[in-house]
Structures are given as structure tokens and as C-alpha cells.
Amino acid sequence: MKEYKTITKVAGPLIFVEKTEPIGYADIVKIALPNGEIKNGQVLDTSDDIVVVQVFEGTSGIDIDTRVKFLGTTLKLNVSKDMLGRVLSGSGKPIDNGPEIIPEKRLDIVGAAINPFSRASPHDFIQTGLSTIDAMNTLVRGQKLPLFSGSGLPHNEIALQIARQAKVIGKQENFVVIFAAMGITNEEAQYFMNDFEQTGALERSVVFLNLADDPAVERLVTPRMALTAAEYFAYEHEAHVLVILTDMTNYCESLREIGAAREEIPGRRGYPGYMYTDLANIYERAGVIKGKKGSITQIPILTMVGDDITHPIPDLTGYITEGQIVLVRELHRKGVYPSIDVLPSLSRLMNLGIGPARTREDHKQVSDQLYAAYAEGRDLRGLVAIVGEEALSERDKRLLKFAAVFEDKFVRQKRDEDRSIADTLDLGWKLLGIFPENELTRISPELRKKYYKEEIKQV
């Protein structure tokens, strides 16, 4: 195995090396500095005579005397059942002062491509305990459902609450949470770890932490490390795995940084043209495979730059994934937690996971009626600002009241409140008691007869 001392250029986290033998894409590289320090890298690009290497630990201290060795293997993660309850760095090394993980296997972090024919249709309802998600934007096992947030909004709290509370009702199955944080501050990392430890959620979790002061390049491998661990638990140990990735905006910024260092021509708003493909490689590793008991469900979290949902990161993410949960400032200012706006939110697989055998027979119709009433109530707020409440009809006044009560009673929850789907739907019926029975046009007469009761009219 040859060693090269032919570094021709250093640009940000990249080094350019002249070579004489063929080098494979994504090969692992050992970089030995003159002071004895060893750094790791990965081949990003290779041509006839130049190789571009991204250095995971940053390029400080690299000079013409630095020796570069190409190992001829791709980046792998040591996996074992002992990973549960452990905290690892973004590149998969233990950072919780515990022992090294003795691997059962070493798996390639890029993973194996899933044949679309082998995918099974997701259908098991996951109860998160949050009414706005469970009732109106249902999460289904094997789905990828992103959380669109803005800076300063409580997406971290919501992520932790889902990680603590998520379960499949009526089944006692092996459930694992993989939590990958990219580019977060020390304060946020401390907050996550305290919560995991205090609530006991760490026992069934594997945490990957890439901090803001860690090299940006490491961010690019963190979600792949997390998903490799998820695939191991899902397909080798038949576990149902929930993967939470936060914050995908930091990941995409790293992608842009690397693109700029390579002097690539940017695509949209400075982000590389291949960002779509790169994100799809991550998101498409969720799903259920025929003949396998395990599943991988993904909740990627991203902060929308300038609260702009048309920004390339949320735009591409929404296009690849199966819906979105949108957090808004308006509700946050009112002190409503979780500040989820149900109107722009969507779960494309919702109908597969709800109904008589899975949640309850009235789920779909109650959800539709709540949506319709809340949307009309919200529209009327704009009208009231112009004409005043006196000009409204009785029905309009009811809709206006409903919108306020819906935000206060249905959307608003405590940070540790775990509502069952039955409690959520019963609460929905209670709120719909504001309207006379004949106005509930989206619910069948049979269901109205069964669930609509006079005494619940008083909200």
C-alpha cells in the first residue's frame, strides 16, 4: 500500500493529492501529520492523476510533509446490540466514557439499496401522544415524516417527546429509537442527554452527537451512521426503529460548504445541484421490507431558513418524504405547545394506518370535520378584523369560537402529556359539541348517533 507525500492544495476541509495508482470513490484515507497526529478522511472525487479527499477532523496542521495512505475500504460502522443506551460521536466513536463497542458486524454506512419491489406498504399506526399528529397527521410505521420548524421554535422538545412516547398500541414489540443530532450546540446536547437520562429513554436508544464545533465534514456521515445502526436493529434483530434526525439544515449547510471548497457551480441558492439526490439517499432508507418483521420510521427535523417553506431544503425534503408537520410562530407566540399548525401539515400515508382495526372507526371523519371547522374559523378571523364580530351569523360565531377552543384544548398539551388515540378522538367529539348535530356534515349519521352526545356540548 503506497504512501503519498504529494498534497498539492488544501481548500477548507479538502486536500488535493496527486496519485499514480487507481483509487476508488469513498475510500477511507489515513493522513499522518509530521507531528505524529493521525487524521481520517474519505475520497470525494478521483480523476486520472488527482484525488480529492475530505478530512473529517479538519485540515489544520497539514503541510507538504504530510503522508497520505489510501486504505482501499469504504467507511464502516461497528454494530452490536451493546449500542443500546450508548452515546456516540457523529463518526460512530463512543463519547460517554464507556468501553469501546465490540462489533458483531462492520457495516458499510452507505447501506444496501432497497429494491422497490421488496417494499411493503406501511400500515401500523404509531401513537406519539400528540393529538395534532395522532388525529390529523398520523404517523405510520415505515413512514418518513419531516418536522418543518423555524429557529427558536420548540422542535427539540417535540422531538424528545416523540422519542419518549412513541409506541405501537396493542403490541409488545422491540422498539428502538436512534437519535442523530448534527451541528447542535453544547447546550442543546446537554438538554437532550439530560432528558434521555432522566426519563429512562436512553435504555432503548442509540444517540449520535455531532456538535457545532465538530468538523462540518463529520455532519455528512452522521445521518448515514444513524441509519446503518437502524438497519442493523430493524433487519437483523426485528426491531421497530424510529430515527430522529436533527437538524437537516446543518447537514445541507455542510454539503454547501464542501461544494464551495470543491469550487463546484452551485445549483439553487448556493446549494449543490445534487442535494436532491443526496437527501433522497438518506430519506429513502426508511420503510418496511416484505418478509422482514422490523421497520424503520424517520422523522427528519429541519429549521426553515427565514421561515421560508420554499427554501431548497424544506422544498426538496417535502418532495421526497411522505408529508410534513409544520411548526408556526403564531401559535408559539400565543404560548401554545406544541406549536403545530394542522392546516399546512400533511401525512400522505395517514389513511393506511387508521380505521376500525387500527385506531377507531370514527378517526377519519372526525379528523376531516376538525380540519374543515378549524380552517373556516381561521378564515373568519381575518373577516372579524374588518367588520367586527357583531356582523357575523350565529354559525360564524360558533366557528370562530371553535378555532380558539381547538388551539387551546386540542393543540395545546403539556410537555409530558401522553394522550392515547381514544382520548384524542373523544376530545375531538367534545369540541365538535359546539356545533348542532346537523352541521357536522363530514361525519356519517351512524357515527354521529354513536358518539355525538348532548351532554358534551358544554366545552
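Worth a mention:
- Breaking point among (1) outside the structural domain of TRP429 (by TED's automatic domain parsing); (2) over 26 Å from LEU242 (Cβ atoms), for GLY388: (1)
- Set side by side, the residues THR185, THR128 differ, and just one is closer than 27 Å to HIS332 by Cβ, surrounded by 23 or more Cβ atoms within 10 Å (Cβ to Cβ) and of a type in the set (Val, Ile, Thr), which is THR128.
- Options LEU427, LEU447, LEU432; residue that is closer than 18 Å to GLN365 by Cα, in contact with a Lys or Arg (Cβ under 9 Å, 6 or more places away or on another chain) and either modelled with pLDDT under 90 or not assigned by TED's automatic domain parsing to the domain that holds PRO154 (or both): LEU427
- Of the candidates ALA226, ALA181, the single residue that is within 14 Å of the chain's Cα centre (by Cα), within 17 Å of PRO94 (Cβ to Cβ) and not in a helix (DSSP H, G or I) is ALA181.
- Any hit, the stretch 122-129, residues being closer than 30 Å to TYR25 by Cα and touching a helix residue (DSSP H, G or I) at 6+ places or on another chain (Cβ under 7 Å): no
- Restricting the stretch 54-77 to residues that are under 18 Å from ASP214 (Cα atoms) and touching a strand residue (DSSP E or B) at 6+ places or on another chain (Cβ under 7 Å) leaves a set whose member that is surrounded by the most Cβ atoms within 10 Å (Cβ to Cβ) is GLN54.
- Annotation note: Cβ proximity below 7 Å between a residue of the stretch 213-239 that is under 18 Å from LYS105 (Cβ atoms) and a residue that is of a type in the set (Phe, Trp, Tyr) (sequence gap 6+ or interchain) occurs for MET225/PHE208; ALA226/PHE208; ALA239/PHE175; ALA239/PHE233.
- Complete set of residues in the stretch 85-102 that are touching a residue at least 40 places away in the same chain (Cβ under 8 Å), buried (at least 18 other Cβ atoms within 10 Å of the Cβ) and either among the hydrophobic types (A, V, I, L, M, F, W, C) or not assigned by TED's automatic domain parsing to the domain that holds LEU209 (or both): VAL87, LEU88
Residues checked against (1) assigned by TED's automatic domain parsing to the domain that holds VAL53; (2) among the β-branched types (Val, Ile, Thr); (3) touching a Ser or Thr at 6+ places or on another chain (Cβ under 8 Å); (4) closer than 12 Å to PRO223 by Cα:
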position: HIS237; (1), (2), (3), (4): no, no, no, no
position: LEU245; (1), (2), (3), (4): no, no, no, yes
position: TYR251; (1), (2), (3), (4): no, no, yes, yes
position: ALA260; (1), (2), (3), (4): no, no, no, no
position: GLU263; (1), (2), (3), (4): no, no, no, no
position: TYR274; (1), (2), (3), (4): no, no, no, no
position: TYR283; (1), (2), (3), (4): no, no, yes, yes
position: VAL288; (1), (2), (3), (4): no, yes, yes, no
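- Qualifying position, being farther than 23 Å from ASP408 by Cβ and of a type outside the set (Val, Ile, Thr), among LEU302, LEU327, LEU343: LEU302
- When VAL51, VAL43 are checked against the criterion of being more than 31 Å from the chain's Cα centre (by Cα), assigned to a strand (DSSP E or B) and modelled with pLDDT of 90 or more, VAL51 stands alone in meeting it.
- Hits in the stretch 277-286 (condition: assigned to a helix (DSSP H, G or I) and touching a Leu at 6+ places or on another chain (Cβ under 8 Å)): ASP278, LEU279, ILE282
- Candidate set from the stretch 163-172 (those that are part of a loop (DSSP other than H, G, I, E, B) and modelled with pLDDT of 80 or more); member that is farthest from ARG358 (Cα to Cα): ALA166
- Among the strands (runs of 3 or more DSSP E) confined to the stretch 81-153, the ones with at least 2 residues that are over 29 Å from ASP362 (Cα atoms) are located at 87-89, 105-108.
- Scanning the stretch 313-341 for residues that are assigned to a helix (DSSP H, G or I) and small (Gly, Ala, Ser) returns a single hit, GLY318.
- GLU37 vs. criteria in the same structural domain as ALA280 (by TED's automatic domain parsing) and touching a residue at least 24 places away in the same chain (Cβ under 8 Å): no
- Single residue of the stretch 356-396 satisfying the filter (at pLDDT 90 or above and either touching a Ser or Thr at 6+ places or on another chain (Cβ under 7 Å) or among the acidic types (Asp, Glu) (or both)) that is farthest from THR132 (Cα to Cα): GLU394
- The single residue among ILE258, ILE282 that is of a type outside the set (D, E, K, R), touching a residue at least 40 places away in the same chain (Cβ under 8 Å) and closer than 24 Å to LEU346 by Cβ turns out to be ILE282.
- Looking only at the stretch 297-319, and only at residues there that are touching an Asp or Glu at 6+ places or on another chain (Cβ under 7 Å) and among the aliphatic types (A, V, I, L, M), the one that is farthest from ALA159 (Cα to Cα): LEU302
- Any hit, the stretch 178-198, residues being of a type in the set (D, E, K, R), more than 19 Å from ALA234 (Cα to Cα) and touching a residue at least 24 places away in the same chain (Cβ under 8 Å): yes
- Residue ID - surrounded by the most Cβ atoms within 10 Å (Cβ to Cβ), chosen from residues in the stretch 271-315 that are over 14 Å from the mean Cα position of the chain (by Cα) and of a type in the set (A, V, I, L, M): VAL288
- Of all residues in the stretch 262-276, at least one satisfies being at pLDDT 90 or above and assigned to a helix (DSSP H, G or I).
The values are calculated or read from the model by the stated rules, or taken from the named source; none is laboratory data. Keep in mind that this is a model prediction, so the values were computed, not measured. All Cβ positions, even for glycine, are placed from backbone atoms using ideal geometry, and neighbour counts span all protein chains on display.
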